[in-house]
Every structure is written in C-alpha cells, then in structure tokens.
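Structure record follows, encoded as structure tokens.
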Amino acid sequence: MFHFTSPLLEQALIRRAQAGVAVRLLLDKSLADPALVERLRAGGVHVRRVAPANEAARFHHKFAVLDVKIVLTGSYNWTLMGGIANHENVVILRHAAAAKAFQEDFEETWHDASLSRP
C-alpha cells in the first residue's frame, strides 16, 4: 500500500485479524508511520515495509486481495482524505485469475527479503 492513514480502515483490519482472519499488509517504507505499524501489529496484523532498490522509487501499489477471490484496486489511497474528500476510484474484480495474479505479486514482494522487511 502506498499511503495508509485511515483510522477506519486501520480498525477494520485489526477487527478482522482479531477475529482470526489472516491479515497481511505491505506498506511503502518511506510513508509507513511507525506508530501505525505498531498499532496494526499489536492488533494482530502482519506488516512488512517495502523499500524499492532505487531510493527515489515508491511502492505505489493500491490493492487488496480478499480470500484469493476478490481484488480491490484503483487510484484510491487508504487515507482519511481518500475516503472523505479526494476524487479517487476503487474497482472490485470478482475474477479468480485476476485475484490469483494479484496474490502472486503480493507473495513475491512479501517473501523478497531484498525488497520487504518487518
């Protein structure tokens, strides 16, 4: 996730994790607020920070994969302003092949120790 600051989404992820759902989040290291990361982890969310090799580059992904069946993607930033003021979009894909492709991309980044770290 490129930019994540939404308190509502933070609490929703924590509630799901505490209900026993496996919740993992990749955050751009340059924008990952350490206090947010700690709150998420304390709530049971697994978080890794992504630092592209080029310092000027950003981890600009904005997608979520739900149960390897549904993808949420688009320009939407998971921020307070993204939810209440900005002109942004979310596309919901209920397409198994698309969900699998997004999940594979997530897994590749999650497990690449040169790219993502706790």
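The values are calculated or read from the model by the stated rules, or taken from the named source; none is laboratory data. All values derive from a computational prediction rather than experimental measurement. In this analysis, Cβ positions are derived from the backbone assuming ideal geometry, glycine residues included, and neighbour counts consider all displayed protein chains. For the accessible areas, the whole protein counts, side chains as well, though only heavy atoms, and no ligand, DNA or RNA atoms are used. Shrake-Rupley method; radii C 1.70, N 1.55, O 1.52, S 1.80 Å.
What the table below lists for this structure:
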item: Residue check, GLY43 at positive phi, of a type outside the set (Lys, Arg) and touching a residue at least 12 places away in the same chain (Cβ under 8 Å); result: no
item: Boolean, SER6 is touching a helix residue (DSSP H, G or I) at 6+ places or on another chain (Cβ under 7 Å), modelled with pLDDT under 95 and closer than 17 Å to THR79 by Cβ; result: yes
item: Only one of PHE106, PHE63 that is of a type in the set (Phe, Trp, Tyr), within 20 Å of PRO7 (Cα to Cα) and at pLDDT 90 or above; result: PHE63
item: Residue among LEU31, LEU25 that alone is within 17 Å of THR5 (Cα to Cα) and at pLDDT 95 or above; result: LEU25
item: Hits in the range 79-118 - residues which are open to solvent by less than 50 Å² (accessible area, probe 1.4 Å) and among the polar types (S, T, N, Q); result: THR79, GLN103, THR109, SER116
